[in-house]
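A short reminder: the numbers here are calculations on the coordinates, not readings from a lab. Not measured: the values here are computed from a predicted model. FYI the Cβ positions are ideal-geometry reconstructions off the backbone, even for glycines, and counts take in every protein chain you see.
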Amino acid sequence: MSEEHKQPAIEIKASWTHTSKGIIILIILILLLLLLGFFVKRAYTYYQQVKFGTIDLSKIAQNNNLSASDFNQKIPTISNAYVDGFTDDPILGPKSSKLTVVLFEDFQCPFCASFAPDLRAVMNKYSDRVRFVYRDFPVVASHPQAQIAAEAGQCANEQDQFWAYHDLLYNNQDKLTVENLKSYAQNLGLDTKKFNNCLESQQFAAEVEQDLSDGITAGVTGTPTMFFNGNKVEGVLTLSGLERVIDHFLNQ
């Protein structure tokens, strides 16, 4: 057979090979888009639940390897590991409380700032029945002033003024320079010499880093994150949603 008759067959084979590769690439792209759509849908659903306070408490149980009956009857606790072992952390509420809420927050996190007023309202309402523990989780990669702000909060806690200082930082989240942090301490009437020495010497840097490490170990990936007797809830809850979760545990 002459070369003239062989050439079309070679061209057809090459064309088919090229088409096959294109089909495979197209299938892979479609699968990736479907997978992305699945995760986007899940993220949006969770966002809606957080926004409107409609989180299904049974799902929290499932995420913690508990059955619905376990969740309603026997709540696991992380208090020994994440609360009682760290008595220097800011705490509000009696130690004998039936419910311990461990908060992991970042002073430069905008979601934490938007959540702060509702959180403080709930803390004031339940402080005689619920123990609230604050843990630092500074995400310095995106919030470069979060670490120093967290250390400043601990310096204020040393003078028993953490919660008032906490509120000032969230109300002035765009002003967290060292000088700002010192001025807030002065505004609260703290011993400024003691506070400034504490901040400048990074007295609580290791403690803040320990909080961050504990949070990572506990599965914290962002802020705010809360643990209700060991059950993790991520994101910003509405005031009614937060009260609903707290009441659930108190009514056990």
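Provide the gained length on full extension for the span ASN180 to LEU239, in nm with one decimal, where the gain is 0.36 nm per separating residue minus the Cα-Cα distance.
Contour length minus Cα-Cα distance gives 18.3 nm.
Please report the relative contact order for the range 155-252, taking Cα pairs under 8 Å with a sequence separation of at least 6, and give it as a percent rounded to a whole number.
Reported as a whole number, the value is 18 percent.
Using the Karplus curve 6.51 cos²θ - 1.76 cosθ + 1.60 with θ = phi - 60°, what ³J(HN,Hα) values do you get for each residue of the range 151-164, in whole Hz, with x for Gly and Pro?
Along the range 151-164, the couplings run 5, 5, x, 5, 5, 5, 4, 4, 9, 6, 10, 4, 5, 5 Hz.
Using R₀ = 35 Å, calculate the FRET efficiency as 1/(1 + (r/R₀)^6) where r is the Cβ-Cβ separation of ASP128 and ASN172; round to 0.05.
Numbers: r = 29 Å, r/R0 = 0.84.
With R0 = 35 Å, the Cβ-Cβ based efficiency is 0.75.
Near GLN202, within a Cβ-to-Cβ distance under 12 Å, what is the net charge of the other residues, with Lys and Arg +1 and Asp and Glu -1?
Computed value for this residue: -4.
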